[in-house]
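What follows draws every value from the coordinates through simple rules; no lab data is involved. All values derive from a computational prediction rather than experimental measurement. Positions of Cβ are generated from backbone atoms using ideal geometry, with glycine treated the same way; all protein chains shown enter the neighbour counts.
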Amino acid sequence: MSYTLIPQLIVIASVVVLVVIVLRRLPATKKIQPVGKEEKEKGDQPRKRIFKLRSEKFDKARNLSRKRVQAAAESLGSIFMWAKSRFKRDRKKKREDVVKENVVGAKREIKKKRDVDVFKTLKVEPMFTEKDRTKIRNLVWEARKAVKKREYTRAEKFYVKIISIDPRNLDVYKGLGEVYTKQGNFSDAAKAYKHVVRQGSADEKILLALGEVLIKKKAFSEAMDFLKRVIKLNEKSAPGYALLGQTYRGMRLDKEALKMFETSVGLDSKNVSYLMFLVEAAEKRGLDVIAKMNLNKILELEPENEKAKEKLDRLLAK
């Protein structure tokens, strides 16, 4: 930083030298001499007038010197201010360049990590040191903390780092699927969950999450395959039947959808979402009695449910 001050210091030193030279060339102020013999002899010029003329000449020379010094000082001050502003501008530009370089570097690093196929399965079992395990634990903790704060891009970055160290960590893929779902990136969320399933996981929660993501992608046929696996694993899975009902509804199979929603409500009769799905399916099939009955159940659970009130009023008005 000190090297950048050298040009400004050279300019200031040059100006100081010029001011000194100008001041030395100023006309020397002469002392007022006493009246000489010749002047005494001149009777037609009073002594006071001569003294006044000399005083005026002295004042004029002094004022001229003062003006020159003032002009030099102002010039020196303007040069100093220019040098100061130039120094500040250069320092600000250097800071901006450093920040810009850091941002570009960070974006480049993230792009490199995204270009890596995080869903690639390694045939060779990775070897870990204690340092690697500690690093993975810390990254998992940071990722979960970021998810709680809804900093999903940051959480994704941590999960990708973990996968670069331990590609077989299925819990990380589950977390990554959750992050992508929160971001609305259903395509990558489905890839993450499918990767877990392909590794042999029979986790009901993962299959349900995958089915829900595929429904949002409107990949109904694929969603139905995974949700049927949920029912095979657990015949009393109320969310499995509810999601299967949504799949049938997306495929315009209203009769099958109604049946699935009835089953989900039978397994969990206090779930307002399942009851509302059943009401909507019944309305679509023209089964107003079933719709009214389940709307009353919703209002028993949630008396202030405005949607249920509106639907019930509309059905009663028929």
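Observations on the model:
- Remark: the range 255-261, residue by residue, has Karplus-estimated 3J(HN,Hα) of 5, 5, 4, 4, 5, 5, 5 Hz, where x stands for each Gly or Pro and the curve is 6.51 cos²θ - 1.76 cosθ + 1.60 at θ = phi - 60°.
- Inter-label distance for TRP141 and ILE231, nm, one decimal - labels placed 7 Å from Cα along Cα-to-Cβ: 4.5
- Across the range 230-318, Cα-Cα pairs farther apart than 22 Å form 25% of the total.
- The distance between label points at ASN169 and LEU316 comes to 5.7 nm (points 7 Å beyond Cα on the Cα→Cβ vector).
- In summary, the convex hull built on the alpha carbon positions of the range 118-201 has an orientation-averaged projected area of 5.2 nm².
- P(r) tail for the range 209-257: Cα pairs beyond 12 Å make up 55% of the total.
- Theoretical gain in end-to-end length, LYS218 to LYS84 [0.36 nm per residue, Cα-Cα removed]: 41.9 nm
- Cα gyration tensor shape for the range 253-303, rounded if a/c is under 1.5, else prolate or oblate: oblate
- For the range 173-258, a crude dipole built from +1 on the beta carbon of Lys and Arg and -1 on the beta carbon of Asp and Glu, taken about the Cα centre, is about 120 debye to the nearest 20.
- The range 170-318: C-alpha gyration tensor shape, a/c 1.5 cut-off, then a/b vs b/c: prolate
- Added length on full extension, which subtracts the Cα-Cα distance from 0.36 nm per residue, LYS307 to LYS93: 71.3 nm
- Exposure proxy order (Cβ contacts within 10 Å, fewest to most) of ASP313, ASP288, ASP268: ASP313, ASP288, ASP268
- Under the Karplus curve 6.51 cos²θ - 1.76 cosθ + 1.60, θ = phi - 60°, whole-Hz ³J(HN,Hα) for the range 267-282, x wherever Gly or Pro sits: 7, 9, 6, 9, 8, 5, 4, 5, 4, 5, 4, 5, 4, 5, 5, 5
- For SER273 and THR129, a Förster radius of 41 Å and the Cβ-Cβ distance give a FRET efficiency of 0.30, rounded to the nearest 0.05.
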